[in-house]
1. So if I place +1 on the C-beta of Lys and Arg and -1 on the C-beta of Asp and Glu, and nothing else carries charge, what would the dipole magnitude of the chain be about its Cα centre? I want it in debye, nearest 20.
2. Might you tell me the accessible area per residue for the chain, computed with a 1.4 Å probe and given in Å²?
3. Using only alpha carbon pairs under 8 Å that are at least six residues apart, calculate the relative contact order of segment 1-81 and give it in whole percent.
4. For the chain, with the dipole built from +1 on Lys and Arg beta-carbon atoms and -1 on Asp and Glu ones, taken about the Cα centre, which of Q47, G21, A58 lies farthest toward the positive end?
5. Can you tell me the length gained on complete extension of the stretch L8 to Q63, counting 0.36 nm per residue apart and subtracting the Cα distance?
6. Be a star and scan segment 40-57 for residues whose amide nitrogen sits under 19 Å from the point 7 Å along the Cα-to-Cβ vector of H98.
7. At a 1.4 Å probe radius, carbon and sulfur cover how many percent of the accessible area of the chain?
8. Evaluated at 25 °C with a viscosity of 0.890 mPa s, what Stokes-Einstein diffusion coefficient in µm²/s does the chain have when Rh comes from the Kirkwood expression over alpha-carbon pairs?
Amino acid sequence: RAHKVVGLLQVYTAGENAKIGQVAVSPEYQGQGLGKRLLEHLEMQLQQDAAFKQCKEAKLGSQYDKCMFYEKCGFVAHGDIYDELGCLHIWMYKPINHTMI
């Protein structure tokens, strides 16, 4: 059986933030909860991985028309809407709860 990448995201530390980028799920797999599961798995990693112990919150630049998805995942929009390559974005944040370690 062939393996196929159907979703991905990236994360790196940026001071006290874990910066999330490039969250994507293949169109034919969208609407099945995979994006939410990717973010839930990432949240567990951020809480438990020593590489992220200095991070107090996760931060991502959401496409403006996708911010409701991130709000359902616990992120809160903050700041002004900005243009990135012709697409409107807004910064979104979610605290990292290290007490669950």
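The values are calculated or read from the model by the stated rules, or taken from the named source; none is laboratory data. Remember, predicted model here, so these are calculated numbers, not experimental data. Glycine gets a Cβ as well: all are built from the backbone with ideal geometry, and neighbour counts include every protein chain shown. Ligands, DNA and RNA are excluded from the accessible area calculation, which covers all protein heavy atoms including side chains. Shrake-Rupley method; radii C 1.70, N 1.55, O 1.52, S 1.80 Å.
1. Once rounded to the nearest 20, the dipole reads 400 debye.
2. Accessible area per residue: 69 Å².
3. Across segment 1-81, relative contact order equals 30 percent.
4. Most positive-ward Cα: Q47.
5. Between L8 and Q63, full extension yields an extra 18.2 nm.
6. In segment 40-57, the label zone of H98 (backbone N under 19 Å from the point 7 Å along Cα→Cβ) covers 42-57.
7. Within the chain, the accessible surface is 54 percent carbon and sulfur.
8. D, rounded to a whole number, is 171 µm²/s.
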